Amino acid sequence: MGVAAPRVLLLDDDPAYGRQIAEYLEFQGCTVQVTQEPEAFEEQVRRSPPDIVLLDQRLGEVRGTEILLRLRQHSSVPCIIVTGLSETLDRILNLEVGADDEVEKSAPPRELLARIRAVLRRNASAAKPATPMRDRRQGGWTLAAARRDLIRPDGTACGLTGSEYETLALLWDQLGQPVSRKAISDQVFKRSYWPGDRAVDTVVMKLRMKIGTKDGHQVINSVRLAGYVFTGFGQAAAEA
């Protein structure tokens, strides 16, 4: 499964559904905690992060998307959204703010287990550096392999996430050449790209926000029908 006896945290306001899922997953070797309170859920993730969370999309007046958005401000724990209604807008928003997958509540527990296993496998694979362990330097900026972060000319770090680092490293290695969304999805997110998938666009948007601009221009540009291109910080790139 990628994680031995994975620890699962489920937030769902339906006690019967929670018991059903917990009993099945525990029979399959998982350790499961179930809560009906968003506050208790968020505190548990902070205090003792599980291996994966299952998040109900509809919790009374609160939507799972809102909870996921708050969660992603401090945690990258894998997340599967469990929903009673498959709404395209909800699905897109959840992917954009960091959901790893989505499953309908009507799906059998066996499918939920299969999706948990798939997400954990992908995350275990993504945790391994997809790019060579070498620094990249250009125009006073350093993409530091050991720290997996981008260091500004003044020595401060940009605070990149794993997917942001891998995406920038991939674009940097193809300096001046467009890299397709499919290539980024395959190499960074370890999944096939599909029309409407906004994960790549979202990670590039966050990179742009953290990097800022050079002479008023973005260093990562969109290329119509091709993907994204890293234009660099100026001066020739040099390896450490």
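Only the coordinates and a few stated rules stand behind these numbers; no lab work does. Values in this document were obtained by computation on a predicted structure and should not be read as measured data. Cβ sites come from the backbone with ideal geometry, for glycine too, and all protein chains shown count toward neighbours.
Quick notes
- Among all positions in the range 106-122, there is no residue which is part of a strand (DSSP E or B) and in contact with a helix residue (DSSP H, G or I) (Cβ under 7 Å, 6 or more places away or on another chain).
- Those residues of the range 46-56 which are closer than 23 Å to Phe189 by Cα and buried (at least 17 other Cβ atoms within 10 Å of the Cβ), in sequence order: Pro50, Asp51, Ile52, Val53, Leu54, Leu55
- The residues on offer are Leu89, Leu10, Leu69, Leu93, and the sole one that is surrounded by 20 or more Cβ atoms within 10 Å (Cβ to Cβ) and either within 27 Å of Glu164 (Cβ to Cβ) or touching a residue at least 24 places away in the same chain (Cβ under 8 Å) (or both) is Leu10.
- Per-region count, the range 189-232, residues among the small types (Gly, Ala, Ser) and either touching a residue at least 40 places away in the same chain (Cβ under 8 Å) or surrounded by 15 or more Cβ atoms within 10 Å (Cβ to Cβ) (or both): 5
- When the test is whether a residue is more than 19 Å from Leu95 (Cα to Cα) and either surrounded by fewer than 18 Cβ atoms within 10 Å (Cβ to Cβ) or in contact with a Cys (Cβ under 7 Å, 6 or more places away or on another chain) (or both), Ala169 does not pass it.
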